[in-house]
Amino acid sequence: MVMVEKNNKWYDDAGNVRFSGIVRVDKIVIRPDASKEYVGYLQTNKGKYPFRVPVEKANLAWITEFGLSHGIVLQSDCFCNIWGNRWLEKFNPFTAACQIELPEVVNGLQSIGWDGSGFQFRNSRLCRGEFSSNPEFTFPEDAPGPKQLLCRLRDDVILAISDESPELEIIWAFAIAMCAQVTAPAVGFPAYGIWVDHPTCSLFLQELYHRFEIRCGQPRGWVHKWPRRIQRFVTALTQDDTGFFVTSFSASQCKSDTSNLIKVTNIPEGLQPRKVTHSCDKIVLQYLKHFSKTDHEIPASWEAWKDYTVTQMQQLFGFIRSKALDNAPSHLHIT
């Protein structure tokens with residue numbers, strides 16, 4: 001098929017508009033699980049629109065829907081033509097784009113979290129206390145965790161995490177549990193799931209998950225060393241095989257002696273979601289930054305690892321004169 005590119009449109013050799021825009025594929029990202037993704041842009045007379053799309057979904061229908069989502073109708077001229085016994089309407093703009101300009105093939109990443117020498121995030125990598133940026137396309141768009149390229153303890157952050165409220169006490173407890181969980185692989189320990197002894201429907205809990213970047217995820221097939229939320233308590237205990245999860249359930253409804261859990265307990269009633277500070281995620285990022293600077297001895301048990309994390313957290317945030325941080329460890333139990 002002959003394609004002529006002119007005035008931000010593609011024409012066939014007879015002068016018919018085959019595609020009322022142009023597609024460019026800059027990169028083909030190949031991930032460790034063999035999945036592939038096109039990274040590029042759609043350009044029309046109205047502007048340029050970046051896209052990311054899995055190769056198996058990349059076709060004329062997808063780019064047409066993508067255009068519509070930006071208020072662009074990608075129409076071709078009405079005519080009938082056959083090429084090689086195939087209707088031209090079946091042509092793939094992405095295949096054409098790869099033939100017009102050869103894209104760069106890059107290796108993508110798949111797993112968020114500890115990678116052996118540092119912590120891998122969506123847009124950055126943290127090693128020896130230093131953040132280095134990752135290209136936006138390195139990970140899939142649905143990768144969990146924070147996107148920050150750096151983490152600074154500004155005055156407003158320090159003020160927010162220095163509160164004396166009961167909400168902040170639970171925030172510190174949850175942050176310690178999460179830090180112990182995501183750093184466990186660094187000392188060869190399996191991750192322990194986090195069980196929050198609190199009703200799942202609590203608005204406070206929903207806001208806590210949101211601020212700590214804890215998204216819902218499937219119980220099986222989790223490749224990340226970063227926790228996801230599993231809504232059903234029983235599902236988390238019976239189907240997860242990674243330990244990187246957070247779940248909630250009221251212990252008053254069910255007594256569980258299941259092992260390999262970090263329990264966040266003794267949570268007061270009536271906690272206010274509006275008091276869950278937007279600076280929550282800075283606590284975890286600051287700790288991981290501190291953690292990545294030094295080597296750590298293998299602890300004797302998970303209880304010892306939890307206590308070590310508490311000690312390191314209190315040393316790192318020793319400038320915080322708040323009972324909330326001092327009282328937080330009382331809410332944590334290993335079973």
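The rows are residues; the columns are (1) in a strand (DSSP E or B); (2) modelled with pLDDT under 90.
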{"position": "R18", "(1), (2)": "yes, yes"}
{"position": "K27", "(1), (2)": "yes, no"}
{"position": "Y49", "(1), (2)": "yes, no"}
{"position": "C78", "(1), (2)": "no, yes"}
{"position": "R122", "(1), (2)": "no, no"}
{"position": "R125", "(1), (2)": "yes, no"}
Problem set entry | All positions within the stretch 80-99 that are open to solvent by less than 60 Å² (accessible area, probe 1.4 Å) and at pLDDT 90 or above | N92, P93, F94, A96, A97, C98
For this session: Any chance you could count how many residues in the stretch 49-58 are open to solvent by less than 20 Å² (accessible area, probe 1.4 Å) and either closer than 19 Å to N134 by Cα or outside the structural domain of S69 (by the TED database) (or both)?
Result: 2
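Table: residues versus (1) in contact (Cβ under 8 Å) with a residue 60 or more places away in the chain; (2) on the phi < 0 side of the Ramachandran plot; (3) open to solvent by less than 40 Å² (accessible area, probe 1.4 Å).
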residue: I30; (1), (2), (3): yes, yes, no
residue: D33; (1), (2), (3): yes, yes, no
residue: E37; (1), (2), (3): yes, yes, yes
residue: T44; (1), (2), (3): no, yes, yes
residue: G47; (1), (2), (3): no, no, yes
residue: I63; (1), (2), (3): no, yes, yes
residue: F66; (1), (2), (3): no, yes, yes
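Yes/no per residue for (1) open to solvent by less than 30 Å² (accessible area, probe 1.4 Å); (2) under 21 Å from F189 (Cβ atoms); (3) within 23 Å of the chain's Cα centre (by Cα):
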position	(1), (2), (3)
P227	yes, yes, yes
T235	yes, no, yes
F244	yes, yes, yes
F249	no, no, no
T265	yes, no, no
P299	yes, yes, no
L325	yes, no, no
H333	no, yes, no
For this session: Could you identify the single residue in A160, A184, A177, A143 that is of a type in the set (A, V, I, L, M, F, W, C), touching a helix residue (DSSP H, G or I) at 6+ places or on another chain (Cβ under 7 Å) and at negative phi?
Result: A184
Exercise. Filtering the stretch 133-163 down to residues that are assigned to a loop (DSSP other than H, G, I, E, B) and in contact with a Ser or Thr (Cβ under 6 Å, 6 or more places away or on another chain), which residue is nearest to K36 (Cα to Cα)?
Worked result: N134
Exercise. Is it fair to say Q286 is surrounded by fewer than 16 Cβ atoms within 10 Å (Cβ to Cβ) and either of a type outside the set (D, E, K, R) or touching a residue at least 24 places away in the same chain (Cβ under 8 Å) (or both)?
Worked result: no
For this session: Just give me the residues in the stretch 194-213 being in contact (Cβ under 8 Å) with a residue 12 or more places away in the chain and either in a loop (DSSP other than H, G, I, E, B) or not assigned by the TED database to the domain that holds S330 (or both), in sequence order.
Result: D197, H198, P199, T200, S202, F212, E213
For this session: Kindly list the number of the only condition in (1) in the same structural domain as E56 (by the TED database); (2) surrounded by 18 or more Cβ atoms within 10 Å (Cβ to Cβ); (3) free of Cβ contacts under 8 Å to residues at least 60 places away in the same chain that fails for A191.
Result: (1)
Problem set entry | Residues (more than 15 Å from N92 (Cβ to Cβ) and among the polar types (S, T, N, Q)) located in the stretch 24-73 | S35, Q43, T44, N45, S69
Seminar exercise, completed: Only unsatisfied item for L74, checking (1) surrounded by 15 or more Cβ atoms within 10 Å (Cβ to Cβ); (2) assigned to a strand (DSSP E or B); (3) touching a helix residue (DSSP H, G or I) at 6+ places or on another chain (Cβ under 8 Å), is (2)
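The values are calculated or read from the model by the stated rules, or taken from the named source; none is laboratory data. This one's a predicted model, so the numbers in the text were calculated from it and none came from an experiment. Please note: Cβ atoms are built from the backbone with ideal geometry, for glycine as well, and neighbour counts cover all protein chains shown. Note: accessible area is taken over every heavy atom of the protein model, side chains too, but ligands, DNA and RNA are not part of it. Shrake-Rupley method; radii C 1.70, N 1.55, O 1.52, S 1.80 Å.
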